[in-house]
Amino acid sequence: MSLTITNGRVSAWQVRKIVVVGPGIVGMPMAALLAHARIQEGTDAPARVTIVQRNSATSGWKVDAINVGRSPVGGVEPDLDRIVSESVRAGLLGASHDYAAARDADVVLICTQTDKRGLAPDYGPLFEALEGVAREFVHRPAGQLPLVIFESTLAPSTMATLVRDFFARHGLVEGRDVLLGNSPNRVMPGRLVERVASSDKIVAGLHPDTPGLIARLYRRIVTRGTLHETNSMTAEVVKTLENAYRDVRVAYATEVARFCDARNLDFYALRDRVNAQLRQQDAASTDPNAVPSGGLLVPTVGVGGHCLPKDGILLWWRALEAGLATNRSLILEARRINDASPAETLALAERRFGSLAGRSVALLGAAYRFNSEDTRNSPTLSLARLLLDQGARVTIHDPYVYPTDQNLIRTGLTEVFTRDLGQAVDEAEVIILCTGHRDYLERRAELLDAARHAVGVVDGCNLWSAADVAGRGLGYAGIGRGTIAPTAELIAAVTQGFRAVETGVANEVDALVRFLNERYAADEFNQVRFTEVQRIAGTCVTGCEIVDPGPVHAPADAGEFASKLVRVAAGLE
């Protein structure tokens, strides 16, 4: 018997087999590290890990890659290839297209992608995976009580409603036939292994014993971070909030940068002074490959990736469904501001170099993040479509993305994509740096030598400086790269504005938590507490310091500077 519950409490537990559904940027490092850790829980033999990947046209190849010891995750991922190779050679890691692998599993990790459709979650791939798992659980060995852990990001209340009800419809009752838990990931492309090992991690469940079980398993791989045990809905709120608040901070920084760009002000000098006053500093103003974690973040061509564009919507989902007023939502307003960034980048380029209609433009970096192959919601692709729509001749380059990338195909951009840097810039009149790949730093001179027809560079990711193109007869413009120092009055106004925004977010989250508790917390254990959300969110390595709720004070006047987010927070919109 792998796990038993006596008088409502878990007693014996054995972990002989772990199944991981989905070998993406979450599932692959989790599976590899669990196998590599040689976990012995209630047995003398280490648990074997099997990855399940459906045999789709775009991802079916991953099974063969894993089974020969190769990670299917591209980009620069230190240590991941080695860990996968060693674990496969040891016979502890393998992959399959068949969900039958889950039938006798003691633990199943669900690592499939979740998305949004309009203003609601899109759980199509998630429930497709769960259908395969539940179908096999019905035929599980006698006495098998599997633990299912959702690494996928879920909208608050999903575990207590949709997931619990789904298993119940298959005759699998939570706490009797299956234990349902969640541990939303905090990974980052380019640092997958390091993030799993060193980041604090939330471990949660619907049953009071489930968080402790997940912690027993995960402390074998989270070797330098702390595991925070809580209930499922708290975990759902924290995960979506971390990304939603980051989206808000990007949006506020973007508002400030747009103000600076219109007046040739040095945004980065302003950013460092503001963050010093906030005591939330980082190295991202001068290091393009540092992850921004300060209060005022770094504005770029736009906000991409899988998480930030959707998680604020997921956090708000049930409230939107219930028709709650949104006029005071900073989270939803931030989405509108950030969605406009590709168009604002185009406007910046045209202010400096004139209309781009009919001209050749090279976009460097198709991935949304530096040193990554991930093109999900990449703002570069949106910018490319805008340029093509107005008649520009566009070439997109990326050293990590392949021409078969599904997002290039979906947006109809495969024919303008190349992995040949010389070809990308050969005819370009204007070069726009969209992603801070290290290749564009290391090959800067080669790139500029090949750009024979270029008249200017637009830096959309804080990668170069005017000095890098000096002496080549090229013009330079960049988001936030003005030359005039900010005034003390502007520094004070932006700092006060940030304080107004962070308090506004706290008020918004407090209201959402009270709403969720009223509708979806079935008992005391499953109640969400604002202070617990505040505490756990504060352990996010990229910064998520949620202040206490309270009155919002609009900043003193600083000339023409005005922030839509501040006005929303202060109730002036």
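How many residues does region 269-292 hold that are within 24 Å of the chain's Cα centre (by Cα) and crowded, with 20+ Cβ neighbours inside 10 Å?
7
Would it be correct to say that Val298 is closer than 30 Å to Arg117 by Cβ, open to solvent by 10 Å² or more (accessible area, probe 1.4 Å) and under 14 Å from the mean Cα position of the chain (by Cα)?
no
Against the condition more than 28 Å from Ala349 (Cα to Cα), open to solvent by 10 Å² or more (accessible area, probe 1.4 Å), in contact (Cβ under 8 Å) with a residue 60 or more places away in the chain and over 16 Å from the mean Cα position of the chain (by Cα), how does Arg318 come out, does it pass?
In short, yes.
Among Val108, Val84, which is the only one that is touching a helix residue (DSSP H, G or I) at 6+ places or on another chain (Cβ under 8 Å), crowded, with 22+ Cβ neighbours inside 10 Å and assigned to a helix (DSSP H, G or I)?
Answer to the selection: Val84.
Among the residues of region 198-207, which ones are surrounded by fewer than 17 Cβ atoms within 10 Å (Cβ to Cβ) and not acidic (Asp, Glu)?
Ser198
Criterion first (at pLDDT 95 or above, within 28 Å of Pro555 (Cβ to Cβ) and either within 23 Å of the chain's Cα centre (by Cα) or not in a loop (DSSP other than H, G, I, E, B) (or both)) does Val238 satisfy it?
So Val238 does not fit the description; no.
More than 25 Å from Gly132 (Cα to Cα), touching a residue at least 24 places away in the same chain (Cβ under 8 Å) and either outside any helix (DSSP H, G or I) or among the β-branched types (Val, Ile, Thr) (or both): does that describe Val63?
No; evaluated as a whole, the condition is false for this residue.
Could you list all residues from region 473-519 that are open to solvent by 30 Å² or more (accessible area, probe 1.4 Å), in a helix (DSSP H, G or I) and charged (D, E, K, R)?
Within region 473-519, Glu489, Arg499, Asp510, Arg514, Glu518, Arg519 meet the criteria.
It is to be established whether one or more residues within region 386-402 are open to solvent by 20 Å² or more (accessible area, probe 1.4 Å), closer than 29 Å to Pro72 by Cα and not aromatic (Phe, Trp, Tyr).
So far as region 386-402 goes, yes, one or more of its residues are open to solvent by 20 Å² or more (accessible area, probe 1.4 Å), closer than 29 Å to Pro72 by Cα and not aromatic (Phe, Trp, Tyr).
Within region 433-454, is there a residue that is in contact with a strand residue (DSSP E or B) (Cβ under 9 Å, 6 or more places away or on another chain), outside any helix (DSSP H, G or I), of a type outside the set (A, V, I, L, M, F, W, C) and open to solvent by 20 Å² or more (accessible area, probe 1.4 Å)?
yes
Can you give me the number of residues within region 119-140 that are open to solvent by less than 10 Å² (accessible area, probe 1.4 Å), over 16 Å from Leu179 (Cα atoms) and not small (Gly, Ala, Ser)?
Here the count works out to 1.
Given the options Gly8, Gly27, Gly75, Gly69, name the one that is at pLDDT 95 or above and surrounded by fewer than 23 Cβ atoms within 10 Å (Cβ to Cβ).
Result: Gly69 is the single residue among Gly8, Gly27, Gly75, Gly69 that is at pLDDT 95 or above and surrounded by fewer than 23 Cβ atoms within 10 Å (Cβ to Cβ).
Regarding Ala197, is this residue assigned to a helix (DSSP H, G or I) and touching a Ser or Thr at 6+ places or on another chain (Cβ under 6 Å)?
yes
Can you tell me which of Ala357, Ala340 is within 23 Å of Val291 (Cα to Cα), open to solvent by 20 Å² or more (accessible area, probe 1.4 Å) and of a type outside the set (Ser, Thr, Tyr)?
The match here is Ala340.
Could you check region 87-139 and list, in sequence order, the residues that are over 21 Å from Ile214 (Cα atoms) and of a type in the set (Val, Ile, Thr)?
Val88, Thr114, Val138
The values are calculated or read from the model by the stated rules, or taken from the named source; none is laboratory data. Please read all numbers here as calculations on a predicted model, not as lab measurements. Cβ sites come from the backbone with ideal geometry, for glycine too, and all protein chains shown count toward neighbours. Accessible surface areas use protein heavy atoms only, side chains included; no ligands, DNA or RNA. Shrake-Rupley method; radii C 1.70, N 1.55, O 1.52, S 1.80 Å.
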